[in-house]
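Undergrad: One structure, pasted below without further comment.
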Ligand code: GLC
Ligand code: GLC
C-alpha cells in the first residue's frame, strides 16, 4: 500500500490517505511554544514544557490511538464531516496532508466543498495559527456552518489526568467577542492564560464540554452539532473547551478564509486583573493585531518558510543519491531541530509527562544541531551542565520549564557526564567561542557555587577516573548508554524501575567497555579543548588518560573477534563468545573504534567484520545476539523485553550510526553507506505496511530478526539517531568536519560515487566544496584547491570574512 510521497521541491511529505499504518506526526514551533500534530490533526500544544504548561488535552493510550486534537467540523446541508477525516471519520472525496518544516496543511474535500487547514507557529511566537480556506467547487450556492474545537488541559498534564476530584471544580473561562480564554487557577498562583480566537464573526460558542459534546457522546458525534447549534455555554468546573460556531455562505467558485489563534500569554503578578476581576489581555490583543487577517497570516507563513530555508542553508549537499540528498538537506536536519527542542519529552510515544530533557540525550542532540543555531546550543549546554553535581555525577533528566534536575530518576548512569565533553567540543569547533568555558554556572548541589563550565569538564573526566573497576574499566552504575543493561539491579519486584533498583554504592565490580571507549573519545576532546585554550601541558595529561584506557580495553576488553560489552557484578563477561546469549553487543564495537582503539592493530576491523556477520540485517544492525530468551536477574531490563524488541536484540537505530562512523574510520565507505541506507526512513517506503512508522524521520527502533514483527518500527521522532545520523553523514561519510582552526575535508564514500558537492557555512564564511572521485576510491585526498590555490594537508583555513570560497577537492 502507498500512503504518500516526498515533495522535495516544497520540503514536504505528502500523505494522500488518512488511514496511515500509524498516526504520522509532525511538530509545530521552533522555540518555546510547540505542538505535535498528526496527519488527522490529532495532538496538543504546550508552552516550554509538555508536562507543566500544557494548553490542550491529548489522550495517550486511547481508542483510537490518536485521540483529541485541533478539529474543525463542517456541516454542509445534511452532511457533517471533518476535513481532517478524524474524529468523525466520514469518508472524504479527497484528502491530503502536507507535513512540512514546522507546519502541516491538511485538506479534505466532500461534495465539492474543499476545506484546507494550515497549522503553524511563527518562529518565536507564543501562539499557533490555523489558517482555514473554504472553497465551493460546486455550481450551486453553499451555506455551511463550521465549528472549531479544542479541549483545554488544566496546565499540569500529569495532574490533569489524575486529580479529578479537584480539577472538576476549578475550570474557569472568559469569553470576549470571538475569543475564548482559559484561566483555570489564574485566580490564585498562575499568572498565565490561554486563548482561542478567530477573526471571523461567530454565530455562537461553547466552553463547557458537557454542553457541546454531551456527557454520553464522543468527538465523533457532538450533541451540539447534531442539534445544529452551540449553547453559548460558560464552563464552571468540569471540562472547559473552546468552540466557535461560524456561518459561511459561498457562491460557486468562492473561496473564503478564516483564521484561528491558539496561544499562551503571561502577565506580571501584580498586574494581572482588570478592576472587574477579569484577565488583563494586552498580550492577546497584541498577538491578535499582529495576525488580524489572512494577509498578515500568510505573510507570517512566508517568513516562517524563509526562516527554515535560511536555517537549512548552513549545510547542503548534492550527491548522486537522491535519498541522501533528501535526508541531509531536509528531513534529517529538521529532525535534529526537533530532538534538540524536545529531547525525549513529547511525541506519540513520549507522553510529555515522563521524561524532561535527558542529560545524555540532550548533549547528543546538540551534535546534530550546533551548526544551525550555535547560540541556542550554547545556552542548552549551559543549562544541561548546571544540573551536574560537584562530584561529577548528574541528574539524569531535568524539566525544561524549571531547568532543575529531576530527582525522581536521580543519577548513577556512569556515561552521563562524559557526553558533555562531546557537546562542548562540537560547540567550540563550530563557533570558536571560548567564552563558554568560563561561564560560571555552578554545581547543582552547592548554593552560590561559581564553578565554570570548564570545571565541569574536568570533574566529568575525573569522575570516571575515580570510578574504575577491578579490570581498570569504568564502573557502569545503574546503566550506561544502554539504559537497560542494569548489571547492579537484581530486581524481583514487578513495576520497580530497573534503573533505580539495586545498591550501586556497595557494588564496585560491574564495568562497561562502552563507557571506556566513550571515555577515550572524551579525553581526546578534552585534550583538543586544552590545546585550543593554550594549555598544551595539561592537554598531554588527558591524551595520556586516553592512551591508558585504550591499552586497558585492548588488554581486558577484547574477546578474540570483537570487544566485550561489560563485566557483570560477579566479574563475569557480558557480550562474549563464552556467553550463551548476548554474545556480541553493538555499542562497545562502535565506541571502541570511535575511541580510537584497535584501528592500527586490526582489532577494529575484526570487530566490525563480526558486526557485519552476526548483527547486520537488511533493516539495520541488531543491538546484540543471540537475544535473551528469559529474564536474567543479573542483567536487568535488557532481558525483560521479548526477543527482538528494544534493547533485547532490536535494531536500535541510534547505535547503528556509531558503526557507520566506525566503518569510515577504517576506510570502508561502501559499508558505511550500506548501513546508512539500511535504517534510512525513505528507504522504507516500499515496505511501509511492515515498517508502519513515518518514512520521513528516524524511529528509535525496528524489530529485529528474533521478533514476530521483524522490520516494524516504533517510537518515531525522538531519538539520538537524528543527531548522530547527521554527524555520521556530514562529518564522516561526506567528511566535512569543523575544527578549532579550520574545516577538515576527509570523505569516506562509496567507491562508485563520481563526485559530490557541499555548501557549508562556517565561521562567517561560505565554503562551496566540490569533491571529485576520479580514482574511484572510498578515502584519501590527492589535492585541495581553495580559491584556485593548492593548500597543504586537508584542513581549509578560517577566513571569517563573510565571503564565499571555492574549494575543489580531488580524491
Ligand atoms: C533511549 C534513551 C537513551 C538511551 C537509549 C538506550 O533512547 O532516551 O538515553 O541511551 O534509550 O537505552
Ligand atoms: C526503557 C527503554 C529505554 C529508555 C528507558 C528510559 O528502559 O527501554 O529505551 O531509554 O526506558 O527510561
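Each reported figure results from applying straightforward, stated rules to the coordinates on display, with no laboratory input. Nothing here was measured: the structure is a model prediction, and the numbers come from that model. Cβ atoms come from the backbone with ideal geometry, glycine included; neighbour counts cover every protein chain shown.
Undergrad: Express in whole angstrom the spacing between the alpha-carbon centres of the range 771-810 and the range 420-497.
TA: 37 Å
Undergrad: So how far apart, in nm, are the two label points at residue 806 and residue 490 if each is 7 Å from Cα heading toward Cβ?
TA: Going by the 7 Å Cα→Cβ label model, 7.0 nm.
Undergrad: By counting other Cβ atoms within 10 Å of each Cβ, how are 565, 166, 326 ranked from fewest to most?
TA: 166, 326, 565
Undergrad: Let me ask something additional. Using 0.36 nm per residue, how much length does the chain from residue 61 to residue 507 gain when fully extended, once their Cα-Cα distance is taken away?
TA: My answer for the length gained is 156.7 nm.
Undergrad: List 340, 46 from most exposed to least, where exposure is judged by having the fewest other Cβ atoms within 10 Å.
TA: In increasing order of surrounding Cβ atoms, one gets 340, 46.
Undergrad: Return a whole-number percent for the relative contact order of the range 187-318, with Cα pairs under 8 Å and 6 or more residues apart as the contact set.
TA: 28 percent.
Undergrad: Over the Cα atoms of the range 207-312, compute the convex hull volume and normalise it per residue, giving Å³.
TA: Normalising the Cα hull of the range 207-312 by residue number yields 213 Å³.
Undergrad: Exposure proxy check: 304, 503, 417, 634 ranked by fewest other beta carbons within 10 Å?
TA: Working: 304 21, 503 9, 417 28, 634 16.
So the ranking, lowest neighbour count to highest, is 503, 634, 304, 417.
Undergrad: Please compute the alpha carbon radius of gyration of the chain, then divide it by the globular-protein estimate 2.2 N^0.38 Å. Two decimals is fine.
TA: That works out to 0.98 for the chain.
Undergrad: Continuing with the same structure: How many angstrom lie between the Cα centre of the range 215-252 and the Cα centre of the range 624-689?
TA: With the range 215-252 and the range 624-689 each reduced to a Cα centre, they are spaced 48 Å.
Undergrad: Could I ask something else about it? Between residue 782 and residue 612, what is 0.36 nm times their sequence separation minus the Cα-Cα distance? Round to one decimal in nm.
TA: So the extension gain works out to 58.2 nm.
Undergrad: Can you compute the radius of gyration and Dmax for the range 389-479, using only the Cα atoms, both in Å?
TA: Over the range 389-479's Cα set, Rg and Dmax evaluate to 13.9, 42 Å.
Undergrad: Output the direction-averaged projected area (hull surface divided by four) of the convex hull of the alpha-carbon atoms of the range 563-634, in nm².
TA: That works out to 5.5 nm².
Undergrad: On a C-alpha basis, how far is the centre of the range 42-114 from the centre of the range 132-189 in Å? Whole number, if you could?
TA: 14 Å
Undergrad: Given the Cα-Cα distance of residue 17 and residue 292 and 0.36 nm per residue of separation, how much length would full extension add, in nm?
TA: 95.7 nm
Undergrad: Scaled to the compact-protein estimate 2.2 N^0.38 Å, what is the alpha-carbon radius of gyration of the range 734-811, rounded to two decimal places?
TA: 1.03
Undergrad: Add -39500 (n - 2.57) for each DSSP H run of 4 or more in the chain, then divide by its residues: what number comes out at 222 nm, to the nearest 500 deg cm²/dmol?
TA: Details: 20 runs with 203 residues, N = 811.
Computed mean residue ellipticity for the chain: -7500 deg cm²/dmol.
Undergrad: Based on a Kirkwood Rh over C-alpha pairs, give the Stokes-Einstein translational diffusion coefficient of the range 264-394 at 37 °C and viscosity 0.692 mPa s in µm²/s.
TA: 177 µm²/s
Undergrad: Another question about this same structure. Where in the range 1-28 is the amide nitrogen less than 19 Å from a point lying 7 Å along the Cα-to-Cβ axis of residue 302?
TA: Within reach of a label on residue 302, which here means backbone N under 19 Å from a point 7 Å along Cα→Cβ, the range 1-28 contributes 10-11.
Undergrad: For the chain, what relative contact order do you get, as a whole percent, if you take Cα pairs closer than 8 Å and at least 6 residues apart?
TA: Relative CO of the chain lands at 9 percent.
Undergrad: Then there is this: Based on the mean of other Cβ atoms within 10 Å per residue, sort peptides 358-370, 510-522, 636-648, 107-119 so the most packed one is first.
TA: The packing order, highest mean first, is 510-522, 358-370, 636-648, 107-119.
Undergrad: I'd like to know how the range 44-121 sits against the 2.2 N^0.38 Å rule of thumb: what's its Cα Rg over that expected value?
TA: The reported ratio for this selection is 1.23.
Undergrad: Starting from the Cα of residue 458, step 7 Å toward the Cβ, then list every residue of the range 530-558 with an amide N under 19 Å from that point.
TA: Those under the cut-off are 530-546.
Undergrad: Obtain the radius of gyration and the Kirkwood radius of the range 71-210 from its C-alpha atoms and give Rg over Rh.
TA: On the way: Rg = 17.5 Å, Rh = 17.3 Å.
Taking Rh as the inverse mean 1/r over Cα pairs, Rg/Rh reads 1.01.
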